[in-house]
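The values are calculated or read from the model by the stated rules, or taken from the named source; none is laboratory data. Keep in mind that what you see is a predicted model, and the values were worked out from it rather than measured. Cβ sites come from the backbone with ideal geometry, for glycine too, and all protein chains shown count toward neighbours.
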Amino acid sequence: MLNIEEVNKEVRNCIKCGLCKTRTNAVPGEGNPNADIVFIGEAPGKNEDLEGKPFVGAAGKFLNELLASIALTREEVFITNIVKCRPPGNRDPEESEIKTCWPYLKRHLKIIKPKLIVTLGRHSMNAFLPNLKISQVHGRAKRYKGLWGEKQVYFPMYHPAVALYNGSYRKTLLEDMKKIPKILSKID
């Protein structure tokens, strides 16, 4: 049976797209392989590329704060990205890069079987909930087809980095995060 570490090792050794040529480290994901919640961002940034871990820069520090606001730690959830290597210059991930990394994400989710997938940012949200606008659906749980046909609960949020550039989003992110425990209790 496949486990998280085997998938992570494949990600670290991946050479399936051009991002392998510009990365320092691939960033597979980390956290609890039995987590109820998986947080999925869009792609690693500079600090993540250097350390090989997701959400370790300023946005990661704010994500830690968001988790603490609902009495969770990084070790209790699983954190990853749609794309596993940093796009040059922090550009948006390209569709081909998302498609290349998609099987890794699918396998992570199949192993973890989370009750709730929290998408962080529009690229992550659009991978699961296409054709929606994050400004209209953030902070609202959506039950939608899962990767294996069953219904999965998704919770779109703005990416934590948005609050670093526009402080008014900080309050929105904290308010959205505080809804997660109630959503989990309804799923149970």
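Please verify whether segment 94-109 includes one or more residues that are over 21 Å from LEU19 (Cα atoms) and aliphatic (A, V, I, L, M).
Yes, segment 94-109 contains a residue that is over 21 Å from LEU19 (Cα atoms) and aliphatic (A, V, I, L, M).
Take the residues in segment 63-92 that are farther than 24 Å from PRO103 by Cα and in contact with a Leu (Cβ under 7 Å, 6 or more places away or on another chain); name whichever of them is surrounded by the fewest Cβ atoms within 10 Å (Cβ to Cβ).
Per the stated criteria, the residue is THR73.
So, restricting to helices (runs of 4 or more DSSP H) that lie completely within segment 88-188, which ones have at least 1 residues that are more than 26 Å from GLU76 (Cα to Cα) and more than 16 Å from the chain's Cα centre (by Cα)?
Helices (runs of 4 or more DSSP H) meeting the threshold: 95-112, 134-137, 161-165, 168-177.
Which of the residues that make up segment 77-110 are over 22 Å from TYR158 (Cβ atoms) and either modelled with pLDDT under 95 or not β-branched (Val, Ile, Thr) (or both)?
CYS85, PRO88, SER96, LYS99, TRP102, PRO103, TYR104, LYS106, ARG107, HIS108, LYS110
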